[in-house]
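Shown next, in structure tokens, is the structure this report addresses.
All of the numbers you see were taken from the coordinates with simple rules; none came from a lab. Here the structure is a predicted model, which means the values were calculated and not measured. We place every Cβ from the backbone using ideal geometry, glycine too, and count neighbours over all the protein chains shown.
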Amino acid sequence: MENVNHLEKFQAVIDADSKIEPKDWMPEDYRKHLIRQISQHAHSEVIGMQPEGNWITRAPSLRAKLILLAKIQDEAGHGLYLYSACETLGISREELIEQLHTGKAKYSSIFNYPAVTWADIGAIGWLVDGAAIVNQISLQRTSYGPYSRAMIRICKEESFHQRQGYEIMGKLALGTPEQKEMAQDALNRWWWPSLMMFGPHDTDSPHSGKAMTWRIKRESNDVLRQRFIDKTVQQTEVIGLKIPDDKLKWNETKGVYEHGEIDWEEFNQVINGNGPLNKIRLANHISAHENGAWVREAANAYAAKQKKEVLVA
Amino acid sequence: MTKQEALFNYTLRLGDNALILGHRLSEWSSKGPLLEEDIAMTNMALDLIGRADALLRYASQVEAKGRTEDDLAYKRGERQFLCNLIMQLPNGDFGFTIARQLIVSAFDLCLYEELAQSKDETIAGIAAKAVKEVKYHLKFSTDWTLRLGDGTEESHNRIQKSFDDIWMFTAELFETNEVDAIMVKEGIAPDYNNLKARWKKIITEVLLEATLKVPADAYMQTGSRKGVHTEYLGYILAELQYLPRAYPDAKW
């Protein structure tokens, strides 16, 4: 049983909107919840490098190639600070990667969809990063200090990513008829999976209860999803594309866009491993990790020799 | 050959080397042995493609025929490229990429420090920035050569083999032709014959410290100065140039 005094003090810190820091007492469930959420977030950054990496060598201009490379590098960097934030909770990076490889830890399902054309690079930046930012801005106020600080840093870079994606889509949408078709096609394919990124409706969300009390999560899935839709609809109109939802309409009274029903069957299938690329994304990560084993072993052996030399000297 | 033609050709050579090696390094994205190394590879790719962008832009200005840096990168065929063969080689394992990077970064350091003193201000400016980047590339590849060379038996054998296999592509970096003669005469570029001793010293010191053998100079490959390349270059360009070639009227 958790110590009652500790628990009261812990909740008081949270209720005062102060941060919980690594050495502070915390309930085991809080720690577990954070490890699950932060590691999922870190793995998403890292696996998310794959669909975009698919187009680095084929980016259509030197400028576009440089921006895409910088963006992917940022994502790897985000993965690093999130792994570090997670390590403050008493778990090692090796364990986190092991959990990814065995399937115990998840990553965002969106990255199980393929980046088929160059327009997908625009759609990923604009919609996927756009959806991620809405969630991450909210998480800047999360109760765990290291996670909150990582989010603040990440948000600054993500807003550049979202603009980069929107710029690609804008150029395509205003380009030749073939380019415009490519842009609309990418929007058609990425729109619904982007809405799914916010997770199930509030009424069906299994992890939200305590996460809200502990202020790990600050706003509900549906609130965040709605914010994303309202922002994105206007951006879509500016570049002359159409959101693939016949039921999308402005609700004057509520001041929000109403949308059609999300295909939760698809969502559940992809989460449970049946998306187009679940197996391939993971296999790529495992293969890079295995191919690098001899390199990591060499680095450890070399470091051990250096340490020995210092001791002898 | 006029000075302008020589400068165009020379700048293309520098730009193509940066572009094609940057392309190869960018292929490491999501494949690195550690996330930190993945970032480092992408970072070097960014430096090199950034340098290629600046150099090809300058080449397009020197040529003054209305082509842009993207036209030069995306719309020339295999025989018009002037990058050294070593840049085109497939990445192989991490050790092979490190061996190539050590050889090229040491060469780039010797070359770009001289180019930073060039009488051509644009070249000198690009070179001054490149020197800072190349110092990091050299440090990165030196550190990894030491770790792999003096790490485990497997890593030692692997990277020794990489240096042995790649050695026949090293002499081509220093080849000179009519273009070089004009560049040297104009004070734009150094005489490549004067770079070799320093390059060899850097490589020898790193390899010996890494408990590796410096491969013997045997028969050396050649061809890039005349636009005769490896079979790999065609595939690199097929990928690199695909979109602008497939949609010639499109702007990106």
B:THR204 versus A:GLN234, label points 7 Å from Cα toward the beta carbon: distance in nm? 6.8 nm
Once the convex hull of the C-alpha atoms of the stretch B:3-246 is built, how many Å³ does it hold per residue, rounded to a whole number? 114 Å³
Per residue of B:9-17, what is the mean number of Cβ atoms on other protein chains within 10 angstrom of that residue's Cβ? 0
Expressed as a whole number of Å, what is the distance separating the alpha-carbon centroids of the stretch B:122-141 and the stretch A:195-238? 46 Å
Quick one: dipole size for the protein assembly as shown, taken about the Cα centre, charges +1 on Lys/Arg Cβ and -1 on Asp/Glu Cβ, in debye to the nearest 20. 700 debye
What is the spin-label model distance, in nm, from A:ASN5 to B:ASP217 if the labels are put 7 Å beyond Cα along the C-beta direction? 7.9 nm
Magnitude of the Cβ-charge dipole of chain A, K/R +1 and D/E -1, about the Cα centre, nearest 20 debye? 900 debye
Measure of compaction for chain A (Cα Rg per 2.2 N^0.38 Å): 1.09
Quick check: the distance between the Cα centres of the stretch A:245-285 and the stretch B:64-99, to the nearest angstrom? 41 Å
Using label points projected 7 Å from each Cα along Cα→Cβ, tell me how many nm separate A:HIS201 and A:SER18, to one decimal. 4.0 nm
Among A:CYS86, B:CYS110, which comes first, second and so on when ranked by fewest other beta-carbon atoms within 10 Å? B:CYS110, A:CYS86
The lysines whose Cα lies under 30 Å from the Cα of B:LYS201, excluding any fewer than 8 residues away in the same chain, are A:LYS305, A:LYS307, A:LYS308, B:LYS119, B:LYS129, B:LYS132, B:LYS135, B:LYS139, B:LYS161, B:LYS185, B:LYS213, B:LYS226
Where the eigenvalues come from the Cα gyration tensor of the stretch A:184-303, what are the semi-axes √(5λ) of the equivalent ellipsoid, largest first, in whole Å? 37, 21, 15
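Please give the FRET efficiency for B:LYS226 paired with B:GLU5, using the beta carbon to beta carbon distance and R0 = 25 Å, rounded to the nearest 0.05.
After rounding, the FRET efficiency stands at 0.95.
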How about A:LYS242: which lysines have a C-alpha closer than 16 Å to its C-alpha, ignoring those fewer than 8 places off in the same chain? A:LYS171, A:LYS180, A:LYS231
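Using alpha carbon coordinates only, what is the Rg to Rh ratio of the stretch B:55-145, with Rh defined as the Kirkwood radius?
Ratio of gyration radius to Kirkwood radius for the stretch B:55-145: 1.03.
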Throw me the Rg/Rh for the protein assembly as shown, computed over C-alpha atoms with Kirkwood Rh, two decimals. 1.02
Per residue of A:278-285, count partner chain C-beta atoms within 10 Å of its C-beta, then hand back the mean as an integer. 1
Which of A:GLN179, A:GLN11, A:GLN234 fluctuates most in a GNM of chain A (C-alpha springs under 10 Å)? That residue is A:GLN234
Given the options A:GLY48, A:GLY292, A:GLY199, state which has the largest fluctuation in a GNM of chain A using a 10 Å cut-off (strictly under) for Cα springs. A:GLY292
